[in-house]
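Shown next, in structure tokens, is the structure this report addresses.
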Amino acid sequence: ADEPLRFGIISTESSTNQATQWQPFLDDMSDALGVKVEPFFATDYAAVIQAMRFDKIDLAWYGNKSAMEAVDRAGGEIFAQTVAANGAPGYWSLMIVNQDSPYNDVQDILANASKLTFGNGDPNSTSGYLVPGYYVFAKNHVDPNTAFKRTLNANHETNALTVANGQVDVATFNTESMERLEITHPDKAAQLKVIWKSPLIPSDPLVWRTNLPQQTKDELRQFFLGYGDTDEQKAILEPLQWSGFAASDNDQLLPIRQLELFKQRAQVAADDSLDASAKQQQLAELDARLDALNQRMEARDAAQADNTTAMVD
Amino acid sequence: MQSAASFDIRARSGRRRWTTLLGWAIAVVVLGWAWQGAEMAPSLLFQNAGNMATLAADFVPPTFGRLDHYIDQMLVTIQIAIWGTLLAVLFAIPFGLLSSDNLAPWWINQPVRRLMDACRAINELVFAMLFVVAVGLGPFAGTLALFVHTTGVLAKLFSEAVEATDAGPMEGIRVTGAGRLEEIVFGLIPQVLPLWISVSLYRFESNIRSATVLGMVGGGGIGVSLWETMRGFQYTETATIMLVIIVAVTLLDMVSQRVRKRFI
Amino acid sequence: MQSAASFDIRARSGRRRWTTLLGWAIAVVVLGWAWQGAEMAPSLLFQNAGNMATLAADFVPPTFGRLDHYIDQMLVTIQIAIWGTLLAVLFAIPFGLLSSDNLAPWWINQPVRRLMDACRAINELVFAMLFVVAVGLGPFAGTLALFVHTTGVLAKLFSEAVEATDAGPMEGIRVTGAGRLEEIVFGLIPQVLPLWISVSLYRFESNIRSATVLGMVGGGGIGVSLWETMRGFQYTETATIMLVIIVAVTLLDMVSQRVRKRFI
Amino acid sequence: MTAIVSVERLDKSFGTHAALREIGFEIHAGELVTLIGPSGSGKSTLLRHLIGLSRADRQSHSHVRVLDRDVQRGGRLLGASREQRRRCGYIFQQFNLAGRLSVMTNVLVGHLGAMPRWRALTGRFTQQERDQALRALERVGIVGLAHQRANTLSGGQMQRVAIARALVQEAEVIFADEPIASLDPRSAREVMEILQRINREDGRTIVVTLHQVDVARRYCRRAIALKQGRLYYDGPIAGLTDARLQALYENAGLDELEARQADHRFAPPLHAVG
Amino acid sequence: MTAIVSVERLDKSFGTHAALREIGFEIHAGELVTLIGPSGSGKSTLLRHLIGLSRADRQSHSHVRVLDRDVQRGGRLLGASREQRRRCGYIFQQFNLAGRLSVMTNVLVGHLGAMPRWRALTGRFTQQERDQALRALERVGIVGLAHQRANTLSGGQMQRVAIARALVQEAEVIFADEPIASLDPRSAREVMEILQRINREDGRTIVVTLHQVDVARRYCRRAIALKQGRLYYDGPIAGLTDARLQALYENAGLDELEARQADHRFAPPLHAVG
Ligand SMILES: Nc1ncnc2c1ncn2[C@@H]1O[C@H](COP(=O)(O)OP(=O)(O)OP(=O)(O)O)[C@@H](O)[C@H]1O
Ligand SMILES: Nc1ncnc2c1ncn2[C@@H]1O[C@H](COP(=O)(O)OP(=O)(O)OP(=O)(O)O)[C@@H](O)[C@H]1O
Ligand SMILES: [Mg+2]
Ligand SMILES: [Mg+2]
């Protein structure tokens, strides 16, 4: 095909994108596929997902949450995921406090919550909001919005800095941002103490639009899965902090979906504007969907005792 | 006669004093209400000024390794901003004139104003998405989104400049038998031109800085880089980018001065 | 005599024509260059207008279930914007006057202008972070960040309005032996007040819409909700929020009209 | 003789202040009429009503007709075609020039009403139009200033630009509001002679506001005098005796009742045909 | 007799146009001098230099002294204290009122130079100051308009507001630029009589620009005449014979050489002491 391949690249919470870092990789891709690859570096997924919905882009690299939206709304399909440079199949969500803080684990925090200020993540952040929301709070039957003296939402950087400066007592964070902070601001990183680490969060997926010609799909899959073997390719992937790509599919999203549903359930449960019967009905519905998800995940676990499902403990 | 007049003054100022007092009372209440909402606590600012200094220190020294790249991106942003602003100016002129109540009757100026209000009030991301689905990701979608929003802003500012003009020169043209449009071209535009130029250049400048929309639609430009270096804690890079922007804004301000000088 | 004068006109317009032609040539080249950079392709817009309609249809009908909540948030944003803008206006008045070249000599107006350029050019996020480390997360940090940026914008717009004024009334005051400040208060301010009010209210309005900064520092407000419903694909909710904003902006525009009317 | 200007029962109030009350008169083709009266008596206000720049009071029975068409009736302006409006010229007391444009452009503007639309809007004036503008500037003695910006002119120069603009327009009726206020005696005489010449030779009808009664006496045959918004005198200028003039200008600050008595005592209003 | 105003070799050009050339004269305490000349001859420009609103050419040897202090020298303004500036009043040809403020405020502004700073800046005028402003308005016959906005006044009313403002200032020297141009004969006479009275009774020094030579003859003893930016006459008003006046005002549009010849032929400039 002479039409260029349009590739949407979103800055997710686990990476920053610079066109220059991507360029060598895109050149290789273009050579291998024999078509021009036109990249679009976007800072937010909303427009990219809509573009995919109307066939304005062909494939995109998303975060987990945005990939879920792309699959559900824009006719997208996951076909691969990145593999981190250190070989880790994903990253982890963290809870951090100041180095001087007297608290050392989540139980300490929850016990003293009413005295503390909590820096929660952006509500759309997987590692900053969804994951800790489920594992730290929902599982302990705590509502962070009411338990703490004060709860604020901010992005990872702001949260880390305010904890380091002692203005916020405890905040969410993730391992990728921590690594970057250790390189750029070792002094600030040294001010932080990690008191909790989540189960693994699967690394970012690559999504194509389902209605792409089969031949293009095959070529893309072949290219991505085979990339990263030679030293040259490794050198190209290095600034992107990856070592290669692994096959994946929409099931990668199951744990995320579970968290998302759980978040919705919590919202409905907390919503006072609903009358009791409507609330009951909605909750039942959500529970049913959660059950269905659980079953699928168990089935999948049974089939392939794979690392990526380690999240469900 | 004189005492009557001075009585008149006192009576008036008595009435005025009442409404003035009421006005101030309302203002104080509103400000107090807003003070709480904004959680104002000025003392904190001084107590912790040291923190600001520490953080600010992270931004120095700027690193100039990627300067070329940033300058390229600056140029891209300027290209986008040129068209986004130019189109907006072209549309804002008629809309601005139509929403001025000294030029158009209320049944024209009110609807046009509301339309312009909507252009400003509807988020740029919404426009960006609308245009993305039509023209695809990329700078063009960003340009269009900037254009719609900027039209709303400029039409408002243009029309308020028009409403503050002196009617004399327009009347001077009107009595020659010239049409409404000639009246505007020869009597009104010379009066408002300096201000129109200055607000247009201000919007051009702020479109250059508008990372959000362009970043969202993959339009590229310096704003996106700024955003990302900041998210990546690469503050010394951020400082470089900000320097590039400051230089661009300063140059623009100087050009703006010279252009305006020709019309004042 | 007449022929001399008309010769003069022709010679002048000959020279003028040259520079005018050059000016247009440069403009065309710049626009062409920018056309490429912005990847302009207007035809696409019409070809795929259907997509836009499809997307727009997702926004209707608005759902009013959480209207109360959004109105509350609108009020919070207004509270923050009130103080952010008020402080900015207070600072922009002196800075604006000092950067007007008809009031201050170049060795004052140039540095002040550059300072204001920096206030505008440095990203609001940077200011937000600076203030966050000093006063902690929350609306106050957002207010301060808005304040600094808005000061830069208003000082520029204020000073350009000042430069476009008529010198007569100020001279009228000067010769009474009044000081520089009285000259400004009685001769200048009455001339620029309508425009100052209108740009201040415009900035107030755009501060209400500025979700980015406030969202970033956990300041809350309607902009953050707008953003989130949009990212959550709850477009019918987004539509409701936009309606709330449009109503607020419209009301504000009307208040602005009435306030300005008193000064025109 | 046709009535070129006809005014009936014209009333105009600003708030509670009655600026014009029950004004009525007719002016015929080819007349050169002076409009006089103390400062604030409503002369400018009256002229603005004749050209349709101001509207009479809503509840009034005011009616203004100029050049065989209704300008306004009962406080409602009646739209006029461009052609009709072009036929009336107006010289403003405050000049109303576009200060940032050159003298030349300010004068060329007088052609706008007679130009094809597209040329008017793009400001493309023909050589002939330019020559005509230069001739008008020469006539008022400021051809050398054609390129100066209007807002850097001296008071008298601005006034002459305003006059040149009206000359270029070649209107059939000219309303001139104190066209010689800022002029030196010689320029004033020249301007009055220009007005007289276009009145005599080209048969233009002219209404001119003047403060210098001796000038009015020299150039005009008919005078209309206003006092506190009322028609105080309308008739041959010779009828404005010194006693009448003294009564006209005296007690500018007196309140209405006394003024009315004064009118009766010294000079009952005359409504003669000019 | 001390020189209240002294001007030496004043040169001023606008671009290539020489608006003032080698002007020099002295005015003594208690004089009432008229400044006359054709439109565009530089009268307003000269007055603006006396009060320090305009600067002479840089390379010139221009020197202006008013009330025993240097206003400017060699094209450089020399700072003056508020008190010194307060002692000079100025009535502008174009009035220079703040159009959006009321008549009253426009007049009260005349007090600003004499008020404590904080009151001036907050606009808190005392009852005494208000009464004085009302008296000034009464003197010029427009006390009834105290609350009207300045930009809705008639031409003559604006002019009188500008005069009232200067009266309130109680300056020792008043420069009045065509203060009666827009006034009717009676108001004009009253204004001239006010100027004459404060000149005679209070000993104020007054320089007044006038176009109506007969008015100048009636009220002033000394005249300074400008022609094309040069001093054409300076001496007793009686010395301005009709022939001289004719030469002064004629050929306003002639080019320099001819004008200079004309000067020599008809009326060699006189530099008499007033
Ligand atoms: N817009 C306005 N609002 C209030 N009063 C006004 C307005 N315009 C004019 N007036 C008043 O109407 C009266 C008549 O004004 P007008 O300008 O017609 O006087 P005039 O006869 O032209 O006087 P002059 O010889 O001084 O020019 C004046 O008292 C003036 O103050
Ligand atoms: N800012 C300026 N730029 C250029 N030329 C100017 C400027 N100001 C004044 N002039 C010119 O200087 C000359 C003198 O002007 P000035 O205002 O002093 O005349 P004047 O004697 O007061 O005339 P009038 O009686 O008409 O008021 C005029 O030819 C005028 O066009
Ligand atoms: Mg008048
Ligand atoms: Mg003058």
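Cross-link partners of residue A:193 among aspartates and glutamates, defined as those whose alpha carbon lies under 13 angstrom from its own and excluding same-chain residues fewer than eight positions apart: A:100, A:105, A:169, A:182. The DSSP beta bridges internal to segment A:75-232 are antiparallel in roughly 75% of cases.
Sorted from nearest, the other copies put their residue D:239 label points 4.9 nm away, the label point being 7 Å from Cα in the direction of Cβ.
Let me make sure I get this right: for chain A, a, b and c are the square roots of the gyration tensor eigenvalues over alpha carbons, sorted descending. Under 1.5 in a/c it's rounded, otherwise prolate if a/b > b/c, else oblate. Which is it? In terms of gyration-tensor shape, oblate.
For the protein assembly as shown, DSSP calls about 60 percent of its internal beta bridges antiparallel.
Surface burial for D against B, with a 1.4 Å probe and both sides summed, reaches about 2000 Å² of accessible area.
Rounded to the nearest 10 degrees, what's the angle between the helix A:64-73 long axis and the longest principal axis of chain A, both from Cα atoms, 0 to 90? Around 70 degrees separate the two axes. Calculated mean residue ellipticity at 222 nm for chain B: -26500 deg cm²/dmol, from DSSP H runs with n ≥ 4 weighted as -39500 (n - 2.57), summed, divided by the residue count and rounded to 500. Measuring from the axis that maps chain E onto chain D, the chain E residue with the nearest beta carbon and its rounded distance in angstrom come out as E:181, 2. Annotation for the C:B interface, with buried accessible surface near 7500 Å², both sides summed [1.4 Å probe; non-protein components not counted]. When E and D come together, around 2000 square angstrom of accessible surface is lost from both chains combined, probe 1.4 Å. Rounded to the nearest 10 degrees, the angle from helix A:254-270 to the longest Cα principal axis of chain A is 40 degrees. Across the protein chains, with a 1.4 Å probe defining accessible surface, the residues C:26, D:224 rank C:26, D:224 from largest area downward. For a test of the definition: using alpha carbon positions, the gyration tensor, and the 1.5 limit on a/c, classify the protein assembly as shown as rounded, prolate or oblate. Verdict is prolate for the protein assembly as shown.
Please give the FRET efficiency for residue B:75 paired with residue C:167, using the beta carbon to beta carbon distance and R0 = 30 Å, rounded to the nearest 0.05. Numbers along the way, then the final one.
Working: r = 40 Å, r/R0 = 1.32.
With a Förster radius of 30 Å, E is 0.15.
Could you tally the net charge around residue E:250, taking each other residue with its Cβ under 10 Å from the Cβ of residue E:250, Lys/Arg +1 and Asp/Glu -1? Local charge sum for residue E:250: +2. Other residues whose C-beta falls under 13 angstrom from the C-beta of residue C:48 contribute a net charge of +1, scoring Lys and Arg +1 and Asp and Glu -1.
Calculate the tail of P(r) for segment D:134-252: the fraction of all Cα-Cα distances greater than 24 Å, expressed in %. Intermediate values should be presented prior to the final figure.
Working: 2321 of 7021 pairs.
Value for segment D:134-252: 33 percent of Cα pairs lie more than 24 Å apart.
For residue A:279, the aspartates and glutamates whose Cα falls under 13 Å of its own Cα, not counting residues fewer than eight places away in the same chain, are A:271, A:287. Relative contact order of segment D:31-157, taken over Cα pairs closer than 8 Å and 6 or more residues apart, is 18 percent. Structure note, pairs A:197/A:263; B:261/D:12; A:56/A:139: Cα-Cα distances above 31 angstrom occur for B:261/D:12; A:56/A:139. Distance between the modelled labels on residue E:126 and residue C:254, one decimal in nanometres: 4.8 nm (7 Å Cα→Cβ projection). Accessible surface for the protein assembly as shown, divided over its residues, is 40 Å² per residue with a 1.4 Å probe.
Give the relative contact order (percent, whole number) for chain D; include only Cα pairs under 8 Å separated by 6+ residues. Each step should come with its number before you reach the end.
Working: 522 pairs, mean separation 63.3, N = 274.
Dividing the mean separation by the residue count of chain D yields 23 percent.
Among the residues of D:97-103, the average count of other protein chain beta-carbon atoms within 10 Å of the residue beta-carbon is 5. Here the accessible area of the protein assembly as shown is 56 percent carbon and sulfur, with a 1.4 angstrom probe and all protein chains present. DSSP beta bridges fully contained in chain D are about 60 percent antiparallel. Shape class for segment C:24-134: oblate, because the ratio a/c of the largest to smallest gyration tensor axis (alpha-carbon atoms, square roots of eigenvalues) is 1.5 or more and b/c is at least a/b. The modelled label-to-label distance for the pair residue A:31/residue E:117, using points 7 Å beyond Cα in the direction of Cβ, is 7.5 nm. In the complete set of protein chains, residue-level accessible area for residue A:36 is approximately 130 Å², probe 1.4 angstrom. Contact with the other protein chains removes 50 Å² or more of accessible area, compared with the isolated chain and a 1.4 Å probe, from these residues of segment B:212-250: B:216, B:227, B:228, B:230, B:231, B:233, B:242, B:246. Compared with its chain on its own, segment D:176-198 contains the following residues whose accessible area drops by 50 Å² or more in the full protein assembly (probe 1.4 Å; ligands, DNA and RNA excluded): D:184, D:185, D:186. Taking every full run of DSSP H in chain C, the ones that stretch at least 24 Å from end to end by Cα along their long axis and average -0.5 or higher on the Kyte-Doolittle scale are C:2-37, C:67-98, C:139-163, C:189-209, C:235-261. Among the protein heavy atoms, those of residue D:131 account for about 40 Å² of accessible surface (1.4 Å probe, every chain in place).
Distances between copies of residue D:3, taken at a point 7 Å out from Cα along the Cα→Cβ vector and listed shortest first: 6.5 nm.
The values are calculated or read from the model by the stated rules, or taken from the named source; none is laboratory data. For clarity, every value in this text was computed on a predicted model and none was experimentally measured. Neighbour counts run over all protein chains shown; Cβ positions are idealised from the backbone, glycine included. Please note that ligands, DNA and RNA were not included when accessible areas were found on the heavy atoms of the full protein model with its side chains. Shrake-Rupley method; radii C 1.70, N 1.55, O 1.52, S 1.80 Å.
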